[in-house]
Every structure is written in structure tokens, then in C-alpha cells.
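All remarks here apply to the structure that follows.
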Amino acid sequence: MRSQSMSTRRWAAPVTVALLGALAACATPGEPPLAQMIGARASIVQAESAGAAERAPVELLAAREKLGKAEAASREKHFESARRWSELAEADAELAERKARAVKAQAAVTELARGNDMLRQELERKSPR
């Protein structure tokens with residue numbers, strides 16, 4: 001009986017490994033990263049509405065390209081790669097939005113400074129010396 005249990009042990013481990021390998025090969029490749037891709041698309045739309053097409057075109061283009069790569073990877077069922085590309089696309093879109101808002105804010109500051117200078121000049125011109 002003892003020799004039978006030892007021989008069982010000899011083949012049990014390789015058979016278990018082979019079975020696990022076969023199951024892993026048959027397993028589904030995972031789920032498409034729909035939430036990440038939707039988030040990336042939403043971030044791109046938000047960046048566009050913030051004026052990124054004019055104020056941060058390079059960053060916006062990078063986000064769009066990465067989302068395209070995510071969509072291609074997802075179609076090919078490379079879901080982990082698609083997830084990473086989606087996350088990168090979302091990060092680029094957020095950068096584009098923030099840069100666009102910063103450029104817009106800087107333009108507003110410049111315009112306010114120009115207005116203040118004009119008011120100061122007008123006051124100096126009208127004030128008695």
C-alpha cells in the first residue's frame with residue numbers, strides 16, 4: 001500500500017500542473033476595460049470643452065492616439081494592454097484639460113494686468129501734479 005501512495009505522489013504533481021496549465025489556456029482572457037475606456041473618452045471630451053484643441057493640442061492628440069491604441073488592443077482581446085493605454089489616455093486628457101485651463105487663466109491675468117495698467121495711466125494723466 002505504501003508503494004502505491006508513493007507512486008501516486010510521483011505523478012500527481014505533474015498531472016496537477018498539466019491540468020492547471022490546460023485550464024489556464026482555456027480560460028477567458030479577461031474582460032474588456034470598458035470603464036477605463038469610457039473614463040478616457042469622457043476626459044477627452046472634458047478637455048475639448050475646456051479648449052484643449054486650441055490651448056493644449058499636443059496633449060489632446062496624445063490622449064486621442066492612446067485611446068485609439070486602447071481600442072485596437074481591446075478588439076484584439078489584449079485587455080491588459082487596453083487597460084494600460086486607456087489609463088494613459090485619461091492621464092493625457094486630464095493634462096490637456098489642466099493645461100488649457102491654465103493657459104486660459106494666464107490670458108485672463110494678462111488681460112486684467114493690461115486693464116489695470118490702462119487705469120493707472122488714466123489716473124496719472126488726470127491727477128494734479
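Rule-based calculations on the coordinates, nothing more; no lab input. Values in this document were obtained by computation on a predicted structure and should not be read as measured data. Heads up, the Cβs are rebuilt from the backbone with ideal geometry, glycines too, and the neighbour counts pull from every protein chain shown.
Dipole size in debye (nearest 20) for region 28-129 around its Cα centre, Lys and Arg Cβ +1, Asp and Glu Cβ -1?
Values: 18 positive and 17 negative charges, 92 e Å.
Computed charge dipole of region 28-129: roughly 440 debye.
Among the aspartates and glutamates, which fall within straight-line cross-link reach of Lys126, defined as a Cα-Cα distance under 17 Å, with same-chain neighbours fewer than 8 residues apart omitted?
Asp117
How much net charge surrounds Ser74 when only the other residues with a Cβ under 14 Å from the Cβ of Ser74 are counted, with Lys and Arg +1 and Asp and Glu -1?
On the way: positive: Arg41, Lys66, Lys69, Arg75, Lys77, Arg83, Arg84; negative: Glu31, Glu71, Glu76, Glu80, Glu87.
Around Ser74, the surrounding residues sum to +2.
Per-residue counts of other Cβ atoms within 10 Å, averaged by peptide: what ranking do you get for 116-128, 72-84, highest first? Mind showing how you got there, number by number?
On the way: 116-128: 8.6, 72-84: 16.2.
Descending mean neighbour count gives 72-84, 116-128.
Leaving out same-chain residues fewer than 8 places away, which aspartates and glutamates sit with a Cα under 18 Å from that of Lys69?
Glu31, Glu59, Glu80, Glu87, Glu90, Asp92, Glu94
Around Val103, with a cut-off of 12 angstrom between Cβ atoms, what is the net charge of the other residues, counting Lys and Arg +1 and Asp and Glu -1?
Numbers: positive: Arg55, Arg98, Lys99, Arg101, Lys104; negative: Glu54, Glu59, Glu97.
Local net charge: +2.
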